[in-house]
There are 2 protein chains.
Amino acid sequence: MTDAPLQTVTNAARLLKAFLTREESLGVSELSRRLGLGKSAVHRLLTTLAAEGLVEQDLHTGGYRLGLVVFELGEAVRVHMDLHAAAGSVLAHLREETGESTQVGMLDGHDVVYVDRLESSHALRLFTETGRRVPVHCTSSGKVLMAFAPEPVRERYLATATLARHTPHTLTDPGELRRALATVRARGWADAVDEREIGVASLAAPIRNAHGVVVAAIGIGAPVSRFRAIPRKRLARTIVEAGEAVSRRLGWSEEAPVLEKES
Amino acid sequence: MTDAPLQTVTNAARLLKAFLTREESLGVSELSRRLGLGKSAVHRLLTTLAAEGLVEQDLHTGGYRLGLVVFELGEAVRVHMDLHAAAGSVLAHLREETGESTQVGMLDGHDVVYVDRLESSHALRLFTETGRRVPVHCTSSGKVLMAFAPEPVRERYLATATLARHTPHTLTDPGELRRALATVRARGWADAVDEREIGVASLAAPIRNAHGVVVAAIGIGAPVSRFRAIPRKRLARTIVEAGEAVSRRLGWSEEAPVLEKES
DNA sequence: CCAGCCGTTCCGATATACGGAACGACGCTT
DNA sequence: AAGCGTCGTTCCGTATATCGGAACGGCTGG
């Protein structure tokens with residue numbers, strides 16, 4: 001890590017990430033501008049990646065897009081998320097019980113990545129998408145994941161993250177967020193109302209692996225209007241139980257928790 | 001393309017592909033051996049990719065595994081497969097009608113990649129997985145995709161592919177396969193019985209995009225025992241119709257086919 | 001307690017990847 | 001119709017980034 005990273009590989013990685021904007025296809029010149037690299041460099045990167053199947057060229061427009069190998073790799077990751085198997089039926093049950101969109105998210109840096117979801121059957125519903133990335137500090141899943149993260153990770157996050165204000169209700173002060181996370185840790189669940197987007201509410205609880213470590217969060221998202229109609233305590237209980245159900249499937253037994261030293 | 005590919009990026013790509021074996025995590029030394037690179041080079045590749053989130057280190061074992069960013073990228077690819085949206089309900093309908101496992105596959109080089117699937121409800125069923133790769137020459141989906149591929153692609157495939165024998169029924173002679181593909185092209189569907197694995201049968205039909213180009217194949221897979229019980233012609237008709245249904249959703253209108261010149 | 005493996009770090013020689021400029025093709029405007 | 005802008009692609013020389021080999025400390029199992 002003290003080593004200087006490989007420049008070319010870093011460029012290739014950033015190039016791939018440029019496609020996370022979900023644009024259909026990107027051209028050489030466009031990428032050259034976004035990455036601040038010469039056109040020839042980008043072109044060489046693209047042809048190299050194309051030879052490996054990571055990108056492919058649109059024969060009509062000349063632009064490039066992500067290749068099937070990337071899709072394959074993504075599926076390979078999904079397989080190792082035992083979550084995908086463990087959470088499936090629990091998500092369905094939770095959606096049935098609450099009628100709202102349900103998601104499972106994992107922590108990655110300063111963001112939450114949704115790795116599984118089921119949408120509400122209501123016409124007015126939260127639109128989520130697997131593979132989507134949302135901030136930690138203004139989502140219930142994010143708060144859960146950060147609340148139960150190892151202390152050094154949490155402190156490092158609080159020290160370095162930019163707590164962007166999305167609404168007047170967003171927590172933007174590190175100290176305030178630290179206290180909120182302590183509350184989450186104590187009561188075992190988190191909520192977020194109007195914090196990321198006005199009119200959107202969510203509630204989440206932790207999922208633990210066989211070692212008792214919190215590896216993901218399960219939660220629901222709903223319009224604030226419907227959210228208010230449900231007794232908060234009761235809803236929280238439902239979701240915490242859903243999280244425990246998934247945890248049990250991952251091999252965690254509540255009775256004999258494995259003590260983790262936070263070094 | 002006449003350019004020499006970027007060595008480091010090629011190495012990085014091959015490194016990522018090493019994880020396609022679906023092993024939980026791989027170590028530096030192991031990868032060094034498989035890729036034929038120095039340990040230090042592999043280590044630098046890994047730390048670089050880790051900094052970008054494409055891989056992550058297992059803190060317990062020290063090994064590395066694919067990171068969440070790869071999952072994100074994979075999901076970004078899925079979005080642009082309009083197939084995923086177009087084929088969903090058709091797949092469900094097809095499974096309901098036939099009771100068997102159904103899949104949608106796309107061509108990538110000498111392989112077929114399954115991008116969508118629904119499993120049979122029978123206890124004895126074909127196990128498929130999205131992101132899986134199977135050979136072209138011994139699968140019904142593969143034959144469909146290659147039969148309708150542009151002629152130069154097909155001829156290049158027949159000239160360069162190694163038609164590995166999986167069973168006594170596998171077509172391993174290029175000339176024989178060429179004739180089989182001509183038949184597929186003429187009648188509009190393909191089957192494969194005992195060709196990849198004894199006891200497994202499949203039948204597939206093409207899916208066309210708005211330009212009339214065959215971009216994917218839809219099909220079913222079943223144990224030969226059940227397969228025999230269904231009248232072949234009738235089953236083929238069902239699947240061809242399913243393919244046409246997906247094609248229509250992709251914007252293809254049968255009445256006004258766009259003529260493609262095969263340069 | 002030692003032997004062998006692991007992941008990590010350092011270093012010097014050389015191959016390599018970068019930016020800049022030029023090319024042919026395409027599409028839009030004038 | 002002609003011209004201008006942009007596209008993706010190719011070529012080239014130089015600066016430097018990348019590779020393999022060797023050495024290190026930690027861990028595990030014999």
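The values are calculated or read from the model by the stated rules, or taken from the named source; none is laboratory data. These numbers come from a predicted model, not from an experiment. Neighbour counts run over all protein chains shown; Cβ positions are idealised from the backbone, glycine included. For accessibility, only protein heavy atoms count, side chains too; no ligands or nucleic acids. Shrake-Rupley method; radii C 1.70, N 1.55, O 1.52, S 1.80 Å.
Here are some notes:
- Screening A:Ala50, A:Ala12 for residues that are among the small types (Gly, Ala, Ser) and either at the interface with chain B (Cβ under 7 Å from one of its Cβ atoms) or within 8 Å of DNA strand D (Cβ to nearest atom) (or both) leaves exactly one candidate, A:Ala12.
- Test: residue in region B:7-22 that is part of a loop (DSSP other than H, G, I, E, B) and open to solvent by 40 Å² or more (accessible area, probe 1.4 Å): no
- Taken residue by residue, region B:173-185 has no member that is among the hydrophobic types (A, V, I, L, M, F, W, C), under 19 Å from the mean Cα position of the chain (by Cα) and open to solvent by 20 Å² or more (accessible area, probe 1.4 Å).
- The set of residues in region A:155-172 being polar (S, T, N, Q) and in a loop (DSSP other than H, G, I, E, B) consists of A:Thr162, A:Thr167, A:Thr170, A:Thr172.
- Condition met for A:Ser29 (surrounded by fewer than 18 Cβ atoms within 10 Å (Cβ to Cβ), of a type in the set (Ser, Thr, Tyr) and either under 29 Å from the mean Cα position of the chain (by Cα) or more than 24 Å from B:Leu66 (Cβ to Cβ) (or both)): yes
- Checked against (1) among the small types (Gly, Ala, Ser); (2) part of a loop (DSSP other than H, G, I, E, B); (3) without any contact (Cβ under 8 Å) to a residue 24 or more places away in the chain, A:Gly175 meets all criteria but (2).
- Residue list for region A:15-47, filter: near DNA strand D (Cβ under 8 Å from one of its atoms), modelled with pLDDT under 90 and of a type in the set (Ser, Thr, Tyr): A:Ser29, A:Ser32, A:Ser40
- Condition met for B:Ala50 (of a type in the set (Gly, Ala, Ser) and open to solvent by 10 Å² or more (accessible area, probe 1.4 Å)): yes
- Residue check for B:Glu56: more than 14 Å from DNA strand D (Cβ to nearest atom), surrounded by fewer than 23 Cβ atoms within 10 Å (Cβ to Cβ), more than 8 Å from chain A (Cβ to nearest Cβ) and at pLDDT below 90: yes
- Just one of (1) more than 7 Å from every other protein chain (Cβ to nearest Cβ); (2) among the charged types (D, E, K, R); (3) surrounded by fewer than 24 Cβ atoms within 10 Å (Cβ to Cβ) fails for A:Glu100. It is (3).
- Search result, residues across region B:15-32 that are more than 9 Å from chain A (Cβ to nearest Cβ) and of a type in the set (Ser, Thr, Tyr): B:Ser29, B:Ser32
- Selection count where residues are more than 10 Å from every other protein chain (Cβ to nearest Cβ), assigned to a helix (DSSP H, G or I) and surrounded by fewer than 18 Cβ atoms within 10 Å (Cβ to Cβ), scope region A:33-44: 4
- Condition met for A:His84 (open to solvent by 60 Å² or more (accessible area, probe 1.4 Å) and within 15 Å of DNA strand C (Cβ to nearest atom)): no
- Filter result for B:Val90 (closer than 23 Å to A:Gly105 by Cα and away from DNA strand D (no atom under 16 Å from the Cβ)): no
- Cβ separations smaller than 9 Å between residues 6+ apart or across chains give the following pairs from region A:24-46 residues that are without any contact (Cβ under 8 Å) to a residue 40 or more places away in the chain to residues that are near DNA strand C (Cβ under 10 Å from one of its atoms) and among the acidic types (Asp, Glu): A:His43/B:Asp3; A:Arg44/B:Asp3.
- The condition of being facing chain B (nearest Cβ under 7 Å), basic (Lys, Arg), within 16 Å of DNA strand D (Cβ to nearest atom) and touching a residue at least 24 places away in the same chain (Cβ under 8 Å) holds for only one of A:Arg78, A:Arg65, that being A:Arg65.
- Single residue of B:Leu66, B:Leu94 found to be assigned by TED's automatic domain parsing to the domain that holds B:Leu31 and of a type outside the set (S, T, N, Q): B:Leu66
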